[in-house]
1. Expressed as an acute angle from 0 to 90° and rounded to the nearest 10, what is the orientation of the C-alpha long axis of helix 45-57 relative to the principal long axis of the chain?
2. What whole-number distance in Å separates the alpha-carbon centres of the range 139-167 and the range 33-74?
3. Rank by packing, highest mean first: peptides 142-154, 74-86, with packing defined as the count of other Cβ atoms within 10 Å averaged across residues.
4. Which residue fluctuates the most in the chain, going by a Gaussian network model with Cα springs under 10 Å, if the choices are Asn38, Asn129, Asn140?
5. What are the ³J(HN,Hα) couplings of the range 29-40, residue after residue, when phi is run through the Karplus curve with 6.51, -1.76, 1.60 and θ = phi - 60°? Round to Hz, x for glycine and proline.
6. Name the lysines eligible as straight-distance cross-link partners of Lys153: C-alpha to C-alpha under 27 Å, and not fewer than 8 places from it in the same chain.
7. Ranked from highest to lowest mean number of other Cβ atoms within 10 Å per residue, what is the order of the peptides 104-112, 92-100?
8. Can you tell me how the range 15-95 classifies by the Cα gyration tensor, rounded, prolate or oblate, using a/c under 1.5 as the rounded cut?
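Computed from the coordinates by the stated procedures, all read-outs in this text should not be read as laboratory data. Because the structure is a prediction, the values reported are computed rather than measured. Positions of Cβ are generated from backbone atoms using ideal geometry, with glycine treated the same way; all protein chains shown enter the neighbour counts.
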Amino acid sequence: MKNILFVLFFSIAAFAQTTNQCVTDPKSGKPMLVGICNREAFQDSSFAWWFNSEYENYNLDKETLAGVKIDSEFHSITILMGTWCSDSRREIPRFYKILDSLNFPISKVKLIIVDRKKAAADIDISSYNLQLVPTIIFYNDGMEIGRIIETPKVTLEKDLAEILAKK
């Protein structure tokens, strides 16, 4: 029993160490996140200044969002972004504000942060066919139904509404 608890403890500890991994960006010398992260990582002072500003200052298109139907039982979202990328720093806080307004559960959002080479530490992201960041991938019952790549075609809200209407 002690051996099982020991293995379980260190397995959990190993997983926790890889979440919200912060490294130094070799180009800028500033901190950047890599790998699997959660939203709380953006509250570190290295990232909160841009995340919180974009989140708080973004004006939601409430009219469009009123018609958005997102079912957390079937829908899930994967976000691939770079904390070094200006498009990611603009779009992802805004997107989180949209998700909050829709009461979409954060547990249904997978956040993967890449470095400048579009690598996510020790995580294989080749199946995502990542070209540009940010890339927001929408799934319905495990099947991809659409993406927002780099910047929205119209707005985040209208692009989201269009993707979810495809079901």
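1. Taking Cα atoms only, the helix is inclined about 20 degrees.
2. After rounding, the separation between the Cα centres reads 16 Å.
3. 74-86, 142-154
4. Asn129
5. Once θ is set to phi - 60°, the couplings for the range 29-40 become x, 9, x, 9, 8, 8, x, 6, 10, 10, 4, 4 Hz.
6. Lys62, Lys69, Lys97, Lys108, Lys110, Lys117, Lys118, Lys166, Lys167
7. 92-100, 104-112
8. Note, shape of the range 15-95 comes out oblate.
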